[in-house]
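For reference, the structure is listed below as structure tokens.
The values are calculated or read from the model by the stated rules, or taken from the named source; none is laboratory data. Keep in mind it's a predicted model, so treat the numbers as computed, not measured. Heads up, the Cβs are rebuilt from the backbone with ideal geometry, glycines too, and the neighbour counts pull from every protein chain shown.
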Amino acid sequence: MNTTKSFIRGTGAYLPQRVLSNDDLAQMVDTSDQWIRDRTGIQQRHIAAEGELTSDLAVASAKEALKNSGLVPADVDLIVLATTTPDQTFPATATAVQSKLGITGGAAFDVQAVCSGFLFALATADSMLRQGLFSTALVIGAETFTRILDWSDRSTCVLFGDGSGAAVLQAAPGAENEGVIAHHIRTDGAKSDLLYVDGGVSSTGTIGHVRMQGNQVFRHAVTNISSAIETVLEQTGYTIADVDWFVPHQANQRILSGVAKRLGLDDEKVVSTVSHHGNTSAASIPLALHTAISDGRIKKGDLVLSEAMGGGFSWGASLFRL
Ligand code: UT7
């Protein structure tokens, strides 16, 4: 039976021009290319230029996503932007994107779930489209995450980068196994002290820097992600063997591989871009998705499983068909 579903019509991505290598970082803190590669799989990250804002990154990826969808900005009536590094405290960065794209109608707002942000934004936009509130959404993950790094803290500054990825989601009649199929999103505020920023508007009045107990986060990540994936599969009746592509949040190659191994997923089905751009927080899933669509790996009709885990803790999994 056909109902209103949401469909991914096209994707886009943007990485700032400047690249910072592991060797560059070894000049700044006590680290090495070898340590970073062995522990994380990261080889380089991109850094936004001075004056280049999260909204600029978002607009660049959104334009490409619209082009690849065969749509124009005037078709968009919803923008959900996942970011942890907004242009300003308010208004929402999504409204800057709306204005820069010349969109005058509809609604635009931000979602804050750190590295899980894209999946939270996708679930939000999908629900609104299926309810008939809007017809065409830009779902964007965009970060200038390097602006909240403490460049003297080697345990965090080597991990993150800047970037943006976007998907155009459109409502249309569809069957249960078409388009966006299922989500499972969760948070646990009691674990917030393991990954957080030590500043904020109402606490310190400063922007603050990322603080993380990496090995603790790592431990929780594999468990929470695996359980979210199992829930999504159980909800929908699919098995891991049905999944054509696994597009995880790109935090650490060891987490990606650990989850894939635990689930029994073939390595060839795992899309990994972490070596190229590091952890770009909310941008990492759409960046990886766009990469694998552009290079022809993910094709129309393929079943894609995605997952993320981040500060909050927040985590989730999504299942969709291209
Ligand atoms: O996307 C949001 C979610 N975040 C994540 O998913 C991050 C999850 N965590 C991780 O990816 C890993 O825990 C890290 C990559 C952050 C760290 O790897 P680890 O294997 O868990 O290392 P560790 O924190 O247990 O540290 C091991 C050693 C320590 O030295 P000692 O105490 O053994 O002498 C650290 O001080 O590595 C040291 N270390 C470094 N050494 C060289 C920490 N950072 C560095 C560094 N270079 N950059």
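Worth pointing out:
- Inside the stretch 299-314, residues that are without any contact (Cβ under 8 Å) to a residue 60 or more places away in the chain and surrounded by 23 or more Cβ atoms within 10 Å (Cβ to Cβ) make up a count of 0.
One line per residue, one yes/no per condition, for (1) over 25 Å from residue 200 (Cβ atoms); (2) over 17 Å from the mean Cα position of the chain (by Cα); (3) surrounded by fewer than 17 Cβ atoms within 10 Å (Cβ to Cβ):
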| residue | (1), (2), (3) |
| --- | --- |
| 17 | yes, yes, yes |
| 38 | yes, yes, yes |
| 51 | no, yes, yes |
| 54 | no, no, no |
| 62 | yes, no, no |
| 74 | yes, yes, yes |
| 79 | no, no, no |
| 92 | no, yes, no |
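- Within the stretch 232-272, being crowded, with 24+ Cβ neighbours inside 10 Å and hydroxyl-bearing (Ser, Thr, Tyr) holds for no residue.
- For the stretch 195-231, the set of residues classified as among the hydroxyl-bearing types (Ser, Thr, Tyr), away from the ligand (no atom under 16 Å from the Cβ) and surrounded by 15 or more Cβ atoms within 10 Å (Cβ to Cβ) consists of 231 only.
- Residue 46, sole failed condition from (1) within 16 Å of the ligand (Cβ to nearest atom); (2) in contact with a Pro (Cβ under 6 Å, 6 or more places away or on another chain): (1)
To keep it simple, each residue is scored yes or no on (1) among the aliphatic types (A, V, I, L, M); (2) farther than 21 Å from residue 40 by Cα; (3) assigned by TED's automatic domain parsing to the domain that holds residue 74.
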position	(1), (2), (3)
134	no, yes, yes
140	yes, yes, yes
147	no, no, yes
154	no, no, yes
157	no, no, yes
160	no, no, yes
163	no, no, yes
167	yes, yes, yes
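- Those residues of the stretch 224-252 which are among the small types (Gly, Ala, Ser), in contact (Cβ under 8 Å) with a residue 24 or more places away in the chain and in a helix (DSSP H, G or I), in sequence order: 226, 228
- Checked against the criterion of being over 22 Å from the mean Cα position of the chain (by Cα), surrounded by 14 or more Cβ atoms within 10 Å (Cβ to Cβ) and of a type in the set (Asp, Glu), the candidates 162, 153 yield just one match: 153.
- Counting only helices (runs of 4 or more DSSP H) wholly contained in the stretch 26-144, the ones carrying 1 or more residues that are at pLDDT 95 or above and farther than 21 Å from residue 12 by Cβ occupy 33-40, 117-130.
- Every listed requirement among (1) within 16 Å of the ligand (Cβ to nearest atom); (2) of a type in the set (Ser, Thr, Tyr); (3) in the same structural domain as residue 242 (by TED's automatic domain parsing); (4) not in a helix (DSSP H, G or I) is met by residue 192 save one, (4).
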